[in-house]
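Heads up, the thing below is written out as structure tokens.
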Amino acid sequence: MFGYVLKRIVLMIPTMIGISFIAFFIIQLPPGDYLTSVIASMSDSGQDMHPDEVRRIRALYGLDEPMIVQYFKWITGILLRGDFGYSFEWGRPVSELIWDRMGATLAVSMASLLFVWIVSLPIGVYSAVRRHSIGDHVFTLFGFLGLAIPNFILALTLMYVGYKYMGQSVGGLYSPEFVGAPASLAKFWDLLKHLWIPVVVIGTSGTASLIRILRANLTDELSKPYVITARAKGLPEHQVIMRYPLRIALNPFVSAIGWVLPQLISGVTITAIVLNLPTAGPLLLRALVAQDMYLAGSFILLMGILTLIGMLISDLLLAALDPRIRFT
Amino acid sequence: MTLVSHYDDLAEETGPAISPLKPGDDPDKIAVASQWQLIRARFFANKVAVVAGIIVLLFYFVGLFAEFLAPTIPSKAQPRFTYAPPQSLAFFVEDAEGNRRFQLHVKGYAMSVDPESLRRSFTIDPDKIVPVGFFVKGEPYKMWGVFEMERRLLGAINKRDPMNLLGTDSLGRDLLSRVIYGTRVSMSIGLIGVASSLIIGTVLGALSGFYGGWVDLSVQRLIEIISAMPTIPLWLGLAAAIPITWSPLKVYFVITLIVSLLAWTGLAREVRGRFFALKGEDFVTAATLDGSSQRRVIFRHILPSLTSHILAVVTLAIPTMIVAETALSFLGIGLKAPVVSWGVLLQDAQNIRTVATAPWLLIWPCLAVVVSVLSFNFLGDGLRDAADPYGH
Amino acid sequence: MQQTANIHEHTAADDLALTVRNLSVDYHLRSHILHAVRDVSFDLVKGRTLALVGESGSGKSVTARALLRIIDAPAQVTSGEITLFGPDAPLRVDEMGENSREVRAIRGKRIGLIFQEPMSSLSPVRTIGAQIVESLRLHRKMTVAEAKAETVNLLRQVEIAQPEQMADRYTFEFSGGMRQRAMIAMALACDPEVLIADEPTTALDVTTQAEIMDLIARLQHQRGMAMMLITHDLGLVAEMADDVAVMRFGRIVEQGPTDAIFHDPQTAYTRRLIDATMRLETGHNRPPPPMDGPPLLSAKEVSKYFGEATWRGKKKWGITAVDGVSLDLWPGENLGIVGESGSGKTTLGKMLLRIVEPSTGKVIWRPGAGNGDAAERDVTAMPKEALKGYRRAVRLVFQDPFASLNPRMTVKQVVGDPLIVAGLASGSALEDRVAELLDMVGLPRDAMERYPHAFSGGQRQRIGIARALALDPEIIIADEATSALDVSIRAQILDLLLDLQKRLNLSFVFIAHDISVVRYFCDRVAVMHRGKIVETGTAEQIITDPQHDYTQSLISAVPNPDPRNKRMASRIRFAS
């Protein structure tokens, strides 16, 4: 088991390097850099930056050096000093800006993952066991709808419905009076009141796909010979299902951490922009538009790493759950 | 002594006992059908998928003939009718004597000005009748950018009368026309995007599947890295790199490319998996032993077995692309005006107050996205189920 | 009901364990209704074994499952009485509700079931012990500790070594035979009165089969259980059964005491079935071809290691599949390669064709050997083009008649493909040649336009043979070519191959696990065990007078389809 964990971690390293490189490459893509956009906007307002000043800043951030050198500067800074670079736009180190936002992203993602699990497990089992029943058809239809409606459209619709029928503004994670207030039970309750909309919005498509997967897997497993063996033992039907096929059909629930998590983080990003949540999404969008490269790159990097860690956790949990994986 | 059952007189049966589900059915009919006939039969038995397929075709039909089907050109502003609500088509008018007469028409608008904010708002005026007809002359346009035309499918008979079946936006542009033109852009992005990701995915997937070894290993790594990235941040990053100065057409193609750049991994993975499975099949080994070259084995034996699956996967990938384009345009870093796509239309619905006054700006583009995506999903599901007629 | 009266004749009523009367099961499929079981009646008697024999699709397994009311959704019992006798009043199983408490009290407790595939019939994610404990707790109301102790006890009874440790292992850590032992322990955990064994040894090698059948017979004897043995193997029936019921297309066509069924069959079908089986017990009466000239094909010290790359990228040899094998095939000869699963026989066959590259050793081909020309070609060193020529002369017939034909091509395309690739024929010439080939393998010309899915297993195998013949080969390598077929069809295909050999002057390398098939078909036999050839000799000598210990144990473990001459009981065990 220890060897297995080690192997997984070692295998993760090249992927991590690849992700960091892609993240850096993307933010290097736009022609010019932050400085050119600053100069452009300054000359628009009739000011000119002194060429010496331009040169000084360029040298300071290594903007003239080849990309690969810049990449190494950036990545060694992160690895050795936890220094993610400097946000030009905010005039602060990136590391001061990102952690709160990433924390909120993680919190909303985890809440959504829980939601996905809690909702899809009973529905998936029901649909597989009562295949082609009316309930199954209704859930299947909802599943298709959940998959078909993009997150941001769902968010917009919920916002509209909330505004129109409940007269409530549904954006944000806290009501205005709690923003910046110290942690309290009331604040937590307020958070829950706000959290459910993003959680539903983000979790819906994941729930729909997990229901489909569970239904398909469980249906497959239900026709396996070992289920007949269990029945032939005289076990009651619910025990047959719980102890045998469900045990194996549950694997996708665990591996879901691996593939639903990227989906959820994606979902959080765009939903947060629509619902104006204080997660990484809105800040990332703004940083990208402003070419605030270190900030944008750090977000993309951290989101990638987060999903990688999710995959690792799901692999390890799978191995713990399923002896077949553990022993091979 | 052995005991002979009393069926001995019937013992020389030649096959298992079967009866048709309904009298008159012939259970043997499928025995001589080819793969595609079997797939077709199985697909057409799935009514939901067939209906979804028809809807998808309708969408493409609308996209193809957008100029003719739209009542006006999408950029035509009507400053007199901003945020005008949708009108509905009616068939009969009553004249002064109370006789009903057939006349296709919509009701006109009544304007009121809010005395405080000086904002104008429109309501439907049931007394104003705007006669509407088929194949009427409207704004001149170029069909497919080539043929000069004036007639449109449906329009107000008097050119100056307003006809906005789905309402108008902040500049008084006709939403129906914009949704129809948006259909062309959004649906074609799905198609072109899936074509390019299919090419990338199939080539890389097949290479990695057939050659295995280090080719496989590096392609796998690449797929793993790309699929570990959360898609939306990555899309955002790539789309944000598009210079503002680029022409709309260039942006259109680059957006398509971005969308497909990330979708090919799924396709490649699917193709690779199937390729590996098929490569181990006895009939592929048999083909090699028959003397077929590697190329012939791929094109004559493996690819034909893959096509139906690829078709299904592709159909299921198109909606992802449509959603991706819509999302990017919605966030303002995808397609931009004057190009009209569903995502661009939804940009107008970003402001909750706008949506509150003109909910149609949210409803119709959303409906277009959801219905098309749903149809593609049902169609793709049906195709996938039918794709392997030999499975059980 | 005249049949019912007949069945009772030979049994005292108080020995009855279970009776079935006029049982019928229908399958509602997508395109039609399949009457899988029709009016089946039989009795199970305490201490006796009833064998339900039939070829695939005859409805034997469905019948077994219907007794426990565990048939799958599209199937339903349409009529019939199932009565279970016991210490209390007889129970009507057919009248009990689906999954009712009464039915569940019977399953596992009073009727035990053993399946064909022990691997898939046991859950892979729970330990063997846990799955047995569950049964004990359910029916015998034991505490966890008692159940665990009893589980170890049961595992010991089925002769699993170190039962304490093995109870905590998973199925994939067991060998096939051990798994089946565990399955038996589970089926017998609650001391059932009736044991149903559904093809219990089909997935196992003959030597393991003999051991498992021994075990089952002994346990049955100890406990006085009534047993229903479902099998397609008449040899096993002769060795094990007291009574036989022969099923075909859902009906019992004949039933009676084993001896009578084998020596005095009444219906044409039973007679054919037994004839087909018995015929395979004899050698073909063909003078062996002369072995004086140069051999046509030789393997010289051929080995294959399957390696596993370590994480540092180095190769380490994991398994030695074939270990220094040498053999020769003379013109006109049928050489059999016999071995159990994992003996390396299939890998050897693949190396002869270079589908798998040998790790070491050489394959030598002498294309002119038939005319005494000893010019050698080294197959292992052949470049691509020359290899194509070799593969035209040496053809393969596959085991699985379903997987080996491209389902998307018509029979004409399948059979004609090698001709097209070789550029030998096209247009109407191609069509004529394909028709000629189909005629050779006994298929009508109009089969050409059909797709493989329109044919049965035996017909598909004929198509595969036609494809192999298309390029006028010298040698055909048949890898388990008949093992997927029912016994009556198996004999037909073997006769076809023998006939073709005579007409076309072919030589065969015939790879099989089934001794009787090899005896019927081959002149010489090489016995493989753990990657090595342990013994080579004429077919008759290997079967009647095996020299090597392993061959002796292998031959003696093969069930003999003659109830008057049981072989398995007096078999020789091979310890290695």
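The values are calculated or read from the model by the stated rules, or taken from the named source; none is laboratory data. These numbers come from a predicted model, not from an experiment. Here the Cβ positions follow ideal geometry from the backbone for every residue, glycine too, while neighbour counts run over all protein chains shown. All accessible areas refer to the heavy atoms of the entire protein, side chains included, with ligands and DNA or RNA removed. Shrake-Rupley method; radii C 1.70, N 1.55, O 1.52, S 1.80 Å.
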Can you compute the helix-only [θ] at 222 nm over chain C? Use -39500 (n - 2.57) per DSSP H run of at least 4 residues, normalise by all residues, nearest 500 deg cm²/dmol. -10500 deg cm²/dmol
Report the C-A buried area as the accessible area lost on both sides summed, probe 1.4 Å, in Å² to the nearest 100. 2200
Using a probe of 1.4 angstrom, how much of the accessible area of chain C is carbon and sulfur, in percent? 49
Note, ³J(HN,Hα) from phi for segment C:191-197, Karplus 6.51, -1.76, 1.60, rounded to Hz, x at Gly and Pro: 6, x, 8, 10, 10, 10, 10
Of A:291, A:263, A:239, which is the most mobile in a GNM of chain A whose springs link Cα atoms less than 10 angstrom apart? A:239
How many Å² of accessible area per residue for the protein assembly as shown, probe 1.4 Å? 43
If we count every other residue with Cβ under 9 angstrom of residue B:140's Cβ, Lys/Arg +1 and Asp/Glu -1, where does the sum land? -1
Any idea of the total accessible area buried by the B-C contact, 1.4 Å probe, rounded to 100 Å²? 4600
Which stretch or stretches of segment B:119-142 have amide N atoms under 18 Å from the point lying 7 Å from residue B:357's Cα along the Cα→Cβ direction? B:119-124
Compute the FRET efficiency between residue C:202 and residue C:78 as 1/(1 + (r/R0)^6), taking r as their Cβ-Cβ distance and R0 = 45 Å, and round to the nearest 0.05. 0.95
Can you pull the percent of chain A's accessible area that's carbon plus sulfur, 1.4 Å probe, other chains left in place? 68
Evaluate the relative contact order of segment B:149-287 (contact order divided by residue number), counting alpha-carbon pairs under 8 angstrom at least 6 apart; express in whole percent. 30
Of A:235, A:284, A:214, the one that fluctuates the most in a GNM where chain A has Cα springs shorter than 10 Å: A:235
Long-range amide H partners of residue C:532, meaning residues 5 or more apart or on another chain whose placed amide H is closer than 5 Å, are C:323
Go through segment C:70-76 residue by residue and turn each phi into a ³J(HN,Hα) via Karplus (6.51, -1.76, 1.60, θ = phi - 60°); whole Hz please, and just put x for glycine and proline. 10, 7, 6, 3, x, 9, 8
Of B:230, B:319, B:248, which is the most mobile in a GNM of chain B whose springs link Cα atoms less than 10 angstrom apart? B:230
Taking a probe of 1.4 Å and counting only protein heavy atoms, give the total accessible area buried between chains A and B in Å², rounded to the nearest 100. 3600
DSSP bridge pairs, chain C: antiparallel proportion in percent, nearest 5: 55
Chain B: relative contact order as a whole-number percent, Cα under 8 Å and 6+ apart: 20
So which trypsin sites (Lys or Arg not before Pro) in segment C:469-576 pass both tests, a DSSP loop state and at most 11 other Cβ atoms within 10 Å of the Cβ? C:564
How high is the relative contact order of segment B:178-387, in percent, counting Cα pairs under 8 Å that sit 6 or more residues apart? 30
How high is the FRET efficiency from residue B:116 to residue A:80, r the C-beta distance, R0 45 Å, rounded to 0.05? 0.10
In sequence order, what are the phi-derived ³J(HN,Hα) couplings for segment A:104-109 according to the Karplus relation 6.51 cos²θ - 1.76 cosθ + 1.60 with θ = phi - 60°, rounded to whole Hz, with x for glycine and proline? 5, 4, 4, 4, 5, 4
Cα to Cα, under 12 Å, and not fewer than 8 places away if on the same chain: which aspartates and glutamates meet these conditions relative to residue A:7? A:315
Mind listing the long-range amide H neighbours of residue C:107? Cut-off is under 5 Å, sequence gap 5 or more, other chains count too, H placed in the peptide plane at 1.01 Å from N. none
Pop the C-beta distance of residue C:570 and residue C:263 into the FRET formula with R0 = 30 Å and round what comes out to the nearest 0.05. 0.90
Where in segment C:13-45 does accessible area fall by at least 20 Å² between the isolated chain and the complete protein assembly, at a 1.4 Å probe radius? C:30, C:31, C:32, C:33, C:34, C:35, C:38, C:39
Residue A:11 and residue A:161 label points (each 7 Å along its Cα→Cβ direction) are spaced in nm at 4.2
Could you look at chain B and say what percent of its accessible area is carbon and sulfur, using a 1.4 Å probe and all protein chains? 65
Could you tell me what percent of the DSSP beta bridges with both partners in the protein assembly as shown are antiparallel, to the nearest 5? 65
Give the residue list of chymotrypsin sites (Phe, Trp or Tyr not before Pro) in segment B:87-161 that are DSSP loop and have at most 14 other beta-carbon atoms within 10 angstrom. B:144
Which value in nm describes the separation of the simple spin-label points at residue B:75 and residue C:387, placed 7 Å from the Cα toward the beta carbon? 6.2
Would you mind checking which residues have amide H under 5 Å from residue C:195's amide H? H placed 1.01 Å from N; only 5 or more apart, or other chain. C:112, C:226, C:227, C:228
How far is helix B:360-387 tilted, in degrees, relative to the longest principal axis of the Cα atoms in chain B, given as a value from 0 to 90 rounded to the nearest 10? 10
